[in-house]
Amino acid sequence: MKAFVHKGKKGLEGTRYRDMEETEPKQGEVKISLKTAGLNHRDLFVLERHKESDPPLIIGSDGAGVVESVGDGVTRVSPGDEVVINPSLGWMDRSEAPPENFGIVGLPGHGTFAEKITLPEDNVELKPVHLKWEEAGVFSLAALTAYRALFTRAQVNRGDTVLLPGVGSGAVTFLLLFAKAAGARVIVTSRSEEKRRKAIELGADEAIDSEGDWNEALNDEQADIVIETVGAATFDKSLNQLRKGGTLVTFGASAGDEIKLDLRSFFYGQYNMLGSTMGSRDEYQDMLKFISKNNIKPVMDTSYPLKDTRHALERLNEAKQLGKIALIITN
């Protein structure tokens, strides 16, 4: 089968579109003929984390396709079923934190940027009927991450004001759509005027310049919830915009891992700061019900054939996208 593979040099230089051997499903596993896959920033991180001495790795965490065959004992799906892939491995039940054996599709095991993939049946769900194939292959990782952060961790309520710095990524776009569907007021930030304009079209109540004075732009309005995915570049502004007693959830640090925190101001403000990452199968199933009920679809950017995955990753790396980038594998 054809696949997009990393081997050798770190980064994009170590990637190739090449033949890889197919694997057959074992006990409790499902083999899927993939139709589409989706890019995430994690794919770029994997290209740096996958060691030069490691065997070839098919990257990619998001995908959708048709069940080709199943191993012994599989009961949840059958050959011919149209399915989406839950990239969260080994995390079944909703819990405060993932179990020790938690992993993500695409490292250390093979991922979705290929014509076929074999996975545990617990990581496969029926495709939401309202999604086209292109949409179905791109949403899972970002949507699951957003769902847990907003509903399980932040426990958003109707009427809450939610601040989302750095709109434009897949996860933050889903946070915007989810929060609006939950009845919240949503404020977003971005350095890009185009992304701010698009966010308003998607339902954001306010969209301000990330590099400006947030207090001035919002007339000192404060948020009940902040979902912080940017990191050091926006963290201080985000915390400053949070009302006393409010909740900040963080699951990203693309602009720096380390921050300085004034502990006295923090505990006098009675703030709640929570970490989050990915989610369980329970939350994935709840998320699927939520997007189906509210007819939520991923915002799409550009599509590429599988053989042009490197060009797609370059677009992602340069932050040119607005929404999700798809790979078309089979029609």
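Might you let me know whether segment 189-199 holds any residue that is among the β-branched types (V, I, T), out of contact with any helix residue (DSSP H, G or I) (no Cβ under 6 Å at 6 or more places or on another chain) and surrounded by fewer than 18 Cβ atoms within 10 Å (Cβ to Cβ)? For segment 189-199, residues among the β-branched types (V, I, T), out of contact with any helix residue (DSSP H, G or I) (no Cβ under 6 Å at 6 or more places or on another chain) and surrounded by fewer than 18 Cβ atoms within 10 Å (Cβ to Cβ): absent. Of the helices (runs of 4 or more DSSP H) lying entirely inside segment 245-329, those containing at least 3 residues that are within 17 Å of the chain's Cα centre (by Cα), in the same structural domain as L126 (by TED's automatic domain parsing) and under 30 Å from P120 (Cβ atoms) are 309-317.
Quick one: is I291 in contact with an Asp or Glu (Cβ under 8 Å, 6 or more places away or on another chain) and buried (at least 20 other Cβ atoms within 10 Å of the Cβ)? Answer is no for this residue. Of all residues in segment 23-53, exactly one satisfies the criterion of being part of a loop (DSSP other than H, G, I, E, B), at pLDDT 95 or above and among the acidic types (D, E), namely E24. Residues that are closer than 25 Å to N40 by Cβ and either surrounded by fewer than 16 Cβ atoms within 10 Å (Cβ to Cβ) or of a type in the set (S, T, N, Q) (or both) within segment 77-93 comprise N86, S88, M92, D93, listed in sequence order.
Working carefully through the options V167, V186, find the one that is surrounded by 22 or more Cβ atoms within 10 Å (Cβ to Cβ) and over 20 Å from A319 (Cβ atoms).
The conditions single out V186.
Going through segment 217-240 one residue at a time, which ones are under 23 Å from T277 (Cβ atoms) and either in contact with a Ser or Thr (Cβ under 7 Å, 6 or more places away or on another chain) or touching a residue at least 40 places away in the same chain (Cβ under 8 Å) (or both)? Across segment 217-240, the qualifying residues are A223, D224, I225, V226, I227, E228, T229, V230, G231, T234, K237, S238. Each residue in segment 236-264 was checked for being modelled with pLDDT of 85 or more, surrounded by 15 or more Cβ atoms within 10 Å (Cβ to Cβ) and over 17 Å from D209 (Cβ atoms), and 9 of them qualify. Residues that are over 25 Å from R42 (Cβ atoms), in a strand (DSSP E or B) and of a type in the set (A, V, I, L, M, F, W, C) within segment 227-244 comprise just one, L242.
The values are calculated or read from the model by the stated rules, or taken from the named source; none is laboratory data. All values derive from a computational prediction rather than experimental measurement. When we count neighbours, we look across all protein chains shown, and the Cβ atoms used for this are built from the backbone with ideal geometry, even at glycine.
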